[in-house]
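Bear in mind that the values in this text are calculations on the coordinates, not laboratory data. Predicted, not measured: the structure shown is a model, and the values here were computed from it. Positions of Cβ are backbone-derived with ideal geometry, glycine not excepted, and every protein chain shown enters the neighbour counts.
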Amino acid sequence: MNTNLHTLTLLPSVLLGALDIVRPAVSNNLLNAANDTVLMEVAGQWLKLTATNLETTITTSVKVEIPGQPFRAAVPVSTLVDTLKLLPKKPVAIKYDPISCKLVLLGEGKARYSMMCEIAEDFPLPTTVRGAEATGLNASQLSNSLAFSLPSVAKSEKTAPVQGLIGLLFAVKSNCAETCAAQSHFASGAAAGGCKGANLHMLLSVSSCNILLALLARYEGEVSVIASDTAAVFGLGNTQLHARLLIHEHPGIDNFFQPGKRTPIDFERQPVLDALTRLKNYSGMKSGLELRFADGRIRLFVSNSEWAREAEEWYPCNMPEGFNQTVTVTLAYLQRLLSPIRSERVQVNLGQAPSPLHIYPYVEKGKPSERIVLMPYVAKEVASV
């Protein structure tokens, strides 16, 4: 028997909790060398676990009851989890034999469970991220922001004009963080205040954002972010999420938060939403909707030259006297984005054309926490028949 085994002792529930944190990043790709493995590293009183799917990497650390000698092993996570779940709720000794590359769990009595590990040096770790940093993001507010934005991304993936450019735009600026479902036509977002540090703009994949949302659900405290041109690291206490950024520049990404003076206009949400349902029957596949704001009213106009159809409806709205502006948007996107807004009235902030529409739930006082950014229609302008 090899007497030079590296040993540590801890409760199965502690190790299971740490594995539960990193396991969402375990790859399901059979071509990935890290498939179904978690890197286990022991140093002093700390056990560090790392899982990756090559796009997203999660690392978390826990204290052990009885420290052991340092070791590194790429452990089969499914086998380890299934074994730990069946062990009694008492400390378990974990031994690693670097010669045979086996991890051994020793339970009560003479219980012994041995599993073959992968070579730790072959485990694909991400490169260190060095870049701008922002700190102090509120985990709960950031979680709410992601939960508000992600459904729009999911609905956009199948209809994106450029596949691979769908993701979540994460912006940290002016003492707040905002997440937006980034698509070339629209983005929806919500603000999370309280942060400080550098201004950051990142385009994250949907899968990375879903994993981040799951981590935020079990964490209370402040979140930090470090971002470079290719990756971002989110710090949540003893846990870190390393996400590879989408490297292609998103069409119109600089316009999502376009600064400048904007004119506020508000109107009743439900009548306009009902009108969009009726007008949709008069539009074709390229469902451009012309919005004209003038004389205290909003005009909704669609046409389809192929079918020789056109329709329009007018609704009252509050706007500055003398204001007159026309913008064309995608009808289906406007309908989709207005539907989940909970307020009876909606506020639209218009910049100088062509620029995105900033849509908010209407509030009498203060600033709304949610914002929807609707990009202008990119096809040919709607024309009368």
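In table form, for the structure just shown:
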item: Note, ³J(HN,Hα) from phi for segment 42-53, Karplus 6.51, -1.76, 1.60, rounded to Hz, x at Gly and Pro; result: 10, 8, x, 8, 10, 10, 10, 10, 9, 10, 8, 10
item: Residue-wise HN-Hα coupling along segment 211-219, computed from phi with Karplus coefficients 6.51, -1.76, 1.60 (Hz; x: Gly, Pro); result: 5, 4, 4, 5, 5, 5, 5, 10, 10
item: Label-point separation in nm, Ala217 to Glu344, each point 7 Å along Cα→Cβ; result: 3.5
item: For peptides 37-44, 294-301, sequence by mean Cβ density within 10 Å, most packed first; result: 37-44, 294-301
item: Exposure proxy ranking, count of Cβ atoms within 10 Å, fewest first, for His201, His358; result: His201, His358
item: Highest-first arrangement of 263-273, 223-233, where packing means the average Cβ count within 10 Å; result: 223-233, 263-273
item: Residue order, fewest to most beta carbons within 10 Å, for Lys48, Lys95, Lys89, Lys63; result: Lys89, Lys63, Lys48, Lys95
item: Residue order, fewest to most beta carbons within 10 Å, for Asp20, Asp122; result: Asp122, Asp20
item: Cut-off under 5 Å, modelled amide H: who pairs with Asp295 long-range; result: Gly322, Phe323
